[in-house]
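Contents: one structure, followed by commentary.
The values are calculated or read from the model by the stated rules, or taken from the named source; none is laboratory data. From a predicted model like this one, the values you see are computed outputs, not experimental measurements. So basically every Cβ, Gly included, is an ideal-geometry build from the backbone, and we count neighbours across all protein chains shown. Just the protein is used for accessible areas: all its heavy atoms, side chains included, with ligands, DNA and RNA removed. Shrake-Rupley method; radii C 1.70, N 1.55, O 1.52, S 1.80 Å.
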Amino acid sequence: MKRKVSTLLEKWPLKKPFIISRSARSETSTITVSIQDGMHRGCGECVPNSRYGESIDSTIEQMKTVEQELSDGLNREELNDIMPAGTARNAIDCALWDLDTKLSGKNVATMSGLDWPVAIETVQTISILSPQKMHEEAKTLSNFPIIKVKMNSELVLERVRAVHAGAPNSKLLIDANESWTIELLKHVTPYLTDLNVQMIEQPLHADDDLALTDYQSQLPIFADESCHSTSDLPALKHKYQGINIKLDKTGGLTEAIALEKAAHRQGYQIMVGCMLSTSLGIAPAMFIAGRAQFVDIDAPALLKKDRKYGIQINQGKASALNPLLWGGC
């Protein structure tokens, strides 16, 4: 019997606008892939990113190129051989993981050798606003252990100082989303160390990060846009001290596991991140979050409404993954 493959586009309104250095949005769009094998069905979700040349249409078209192979029984290893890393492969790879749990009677933890996700500490994100508004946002999050602060190249110290004043006991992660220059980085970093900042994520554009080579930063610098999969690791040497693993970049949990292991062996710190997805998109990433120094899986908390059996986040603690959402047998 052939498998049945289907895709579904959905839109999810946000509680408030999400503003980073290169965009602002009030909703997010997800694509869900479902693979049906007899009575069993596996699902995976992705969020196309225009930063990487992806759109809803291009992602769905890419999914269609392997639809026949999936119908004929293509497995995860074969998928990684014939399809490049990215959002389309992520949704399919995760759907295959989910389907395999139903077919094998083993959950993802057993299949992968990783722990079932329980009590994961995650950041809460503050978008780019005026320093005063960011201060007010920080006050509402003052009990969160870690806050991620989106940043552009303007009013950097004013904004970080405002967040720190609002949540003086919270650790801060700075995400510049490629908006800084090396000169700005060198200028602000010495001040950031006194504001409980723990790391800086992707300060320079991925195509212009050679200036980081051998730069002796007082804070670890993490690669996000500069690191998608294991093949990117050699180019990060002497520039970054950590990497942000996102399944929409790696092309699924299969490559994410391989990337985490390779990066760990090479001495990189690990962050697990996410796009603006629902809990279905977050669930697979939770399996590698237990091996990360920093975890950013707060996307469900930014939605007005999430999926059934979704992940609840309470003051920086994510609830245990419900096997009825994803990954359970």
Fill in the blank from the handout: The pairs in 16/139; 186/261; 16/249; 106/249 lying past 23 Å Cα-Cα in this model are 186/261; 16/249; 106/249
Completion exercise
Comparing 298, 209, 232 in a Gaussian network model of the chain (Cα, 10 Å), the one with the largest mean-square fluctuation is 232
Completion exercise
Quarter of the surface of the C-alpha convex hull for the chain, i.e. direction-averaged projected area in nm², equals 15.1 nm²
Practice task
Rank by packing, highest mean first: peptides 286-292, 312-318, 23-29, 241-247, with packing defined as the count of other Cβ atoms within 10 Å averaged across residues.
Solution key: 241-247, 286-292, 312-318, 23-29
Exercise for the section: Would you list which lysines come within 23 Å of residue 102, measuring only between C-alpha atoms, while excluding same-chain residues fewer than 8 positions from it? Expected result: 2, 4, 308
Completion exercise
Taking only protein heavy atoms and a 1.4 Å probe, the highest-to-lowest accessible-area order of 116, 180 is 116, 180
Handout entry: Where only alpha carbons of the range 146-254 are counted, the Rg and the Dmax (Å)
Key = 13.9, 41
Problem - Between the range 134-196 and the range 261-301, the alpha-carbon center distance in angstrom - result: 21 Å
Fill in the blank from the handout: The percentage of the accessible area of the range 118-166 (probe 1.4 Å, all protein chains present) made up of carbon and sulfur atoms, to the nearest whole number, is 49 percent
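Determine by what factor the alpha-carbon radius of gyration of the range 51-167 differs from 2.2 N^0.38 Å, reporting the quotient.
Numbers: Rg = 21.1 Å, N = 117, 2.2 N^0.38 = 13.4 Å.
Cα Rg divided by the expected 2.2 N^0.38 Å: 1.57.
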Exercise for the section: For a label point 7 Å from the Cα of residue 158 along Cα→C-beta, name the residues of the range 164-193 whose backbone N is under 19 Å from it. Expected result: 164-167, 175-176, 179-181, 184-185, 187-189, 191-192
Problem - Surface per residue (accessible, 1.4 Å probe) for the range 220-329, Å² - result: 34 Å²
Handout entry: Principal-axis tilt of helix 131-140 within the chain, Cα atoms, nearest 10 degrees
Key = 60 degrees
Fill in the blank from the handout: Under a 1.4 Å probe, counting only protein heavy atoms, residue 207 has an accessible area in Å², nearest 10, of 130 Å²
Problem - Value of [θ]222 nm, deg cm²/dmol, for the chain, DSSP H segments ≥ 4, -39500 (n - 2.57) each, nearest 500 - result: -9000 deg cm²/dmol
Problem - Under Karplus coefficients 6.51, -1.76 and 1.60, residue-wise ³J(HN,Hα) of the range 213-224 in Hz, glycine/proline x - result: 4, 6, 5, 8, 7, 6, 10, x, 10, 9, 8, 10
Fill in the blank from the handout: In degrees rounded to 10, the 0-90 angle between helix 253-265 Cα long axis and the longest Cα principal axis of the chain is 50 degrees
Completion exercise
Partner aspartates and glutamates whose C-alpha sits under 15 Å from that of residue 239, ignoring same-chain residues fewer than 8 away, are 178, 201, 207, 208, 209, 214, 224, 225
